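Just so it is clear, none of the values below were taken in a lab; they were calculated from the coordinates. Nothing here was measured: the structure is a model prediction, and the numbers come from that model. Cβ sites come from the backbone with ideal geometry, for glycine too, and all protein chains shown count toward neighbours.
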Ligand code: HEM
């Protein structure tokens, strides 16, 4: 079985760095691909500074960039993020050619790896997003709700949800990534009584217990993102983290999936364009300001890019 990049399967440690880059000129594509393919080796170098910090990473490639560096072989379904605009709700597509997703117990080591990569890429790229994610309290989003409760837990469950398998053997062990940075309107959110907030998420605030069916509206976040097919829930592996300053609070949403269709369908239901007339009420309290799709090849595929 082809090996996935190291950030995907383990449960995340509390410090993350997300960097989205735009390639200035596709004439540099092959040189950039060679540098990006060294991500696992560079990660190992920086991880050796403090093995206890468990530094892991992934590099993702945007659809357009991938077509340039590997025109003959493309993962099935790889496509740019589709913007959604409906009834005043907007999920913008801001794109990006390269994503670095770095996680460990130490922000300084994440930054060290990010800076080493950035130096090698030099003037060939422009930084679009440079976001430090962190575990907030007991793994809560800044709305105050525990995030991650129903994320696939065991390695086997996470691999089954995140990794391409026999359906596209050339790219087995790879994974599709969707990223969106959200900015919350916490003033509006805090004005709601806790009971109302719980109906919007679909879970209790204190302990993340799911609301009973008769209390959980069909517009609750978890009611919109739980999609059953043939008696099974469609799964994604979320690696999202809060991102914030004292002036602005939000979430860097990032999910890995064996197909881009599943997160796309979830988002369609959240944004109210799934055709059932419903949207996710959480979207009234937060606004996506970026959106992009990437492909994280297996370690073997990544090596071939070098
Ligand atoms: C501002 C953006 C978002 C916030 C604050 C947020 C927050 C939450 C919270 C608090 C939960 C409940 C606890 C849990 O099971 O993790 C949850 C569940 C979930 N969210 Fe989100 N989420 C956001 C965006 C998204 C997006 C964009 C997607 C998919 C495209 C998504 C997919 C899911 C899924 C699949 C679950 C698990 C549902 C279940 O099985 O019960 N979320 N989210």
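Miscellaneous remarks
- Residues of segment 136-184 that are more than 16 Å from the ligand (Cβ to nearest atom) and more than 23 Å from residue 293 (Cβ to Cβ): 155, 156.
- Number of the condition not met by residue 227 [criteria: (1) touching a residue at least 60 places away in the same chain (Cβ under 8 Å); (2) near the ligand (Cβ under 9 Å from one of its atoms)]: (1)
- Segment 106-138: number of residues that are in contact with a strand residue (DSSP E or B) (Cβ under 9 Å, 6 or more places away or on another chain) and surrounded by 16 or more Cβ atoms within 10 Å (Cβ to Cβ): 19
- Taking the numbered list (1) under 22 Å from the mean Cα position of the chain (by Cα); (2) over 29 Å from residue 63 (Cα atoms) in turn, residue 182 passes all entries but (2).
- Of the candidates 223, 212, the single residue that is in a loop (DSSP other than H, G, I, E, B) and more than 23 Å from residue 8 (Cβ to Cβ) is 212.
- Filter result (surrounded by fewer than 20 Cβ atoms within 10 Å (Cβ to Cβ) and under 20 Å from residue 101 (Cα atoms)) within segment 57-68: 64
- Any hit, segment 277-286, residues being in contact with a strand residue (DSSP E or B) (Cβ under 6 Å, 6 or more places away or on another chain) and either within 15 Å of the ligand (Cβ to nearest atom) or assigned to a loop (DSSP other than H, G, I, E, B) (or both): yes
- Complete set of residues in segment 240-256 that are touching a helix residue (DSSP H, G or I) at 6+ places or on another chain (Cβ under 8 Å) and near the ligand (Cβ under 9 Å from one of its atoms): 255
- Residues that are surrounded by 21 or more Cβ atoms within 10 Å (Cβ to Cβ) and under 27 Å from residue 100 (Cα atoms), drawn from segment 272-297: 283, 286, 288, 290, 291, 292, 293, 294, 295, 296, 297
- Sole exception among (1) within 11 Å of the ligand (Cβ to nearest atom); (2) assigned to a strand (DSSP E or B) for residue 262, by number: (2)
- Looking across segment 194-204, the residues that are at negative phi and within 11 Å of the ligand (Cβ to nearest atom) come down to 197, 198, 200, 201, 203, 204.
- Residue match in segment 205-212 (condition: free of Cβ contacts under 8 Å to residues at least 24 places away in the same chain, farther than 30 Å from residue 102 by Cβ and more than 12 Å from the ligand (Cβ to nearest atom)): yes
- Among the numbered conditions (1) within 14 Å of the ligand (Cβ to nearest atom); (2) more than 28 Å from residue 170 (Cα to Cα), the only one that residue 237 does not meet is (2).
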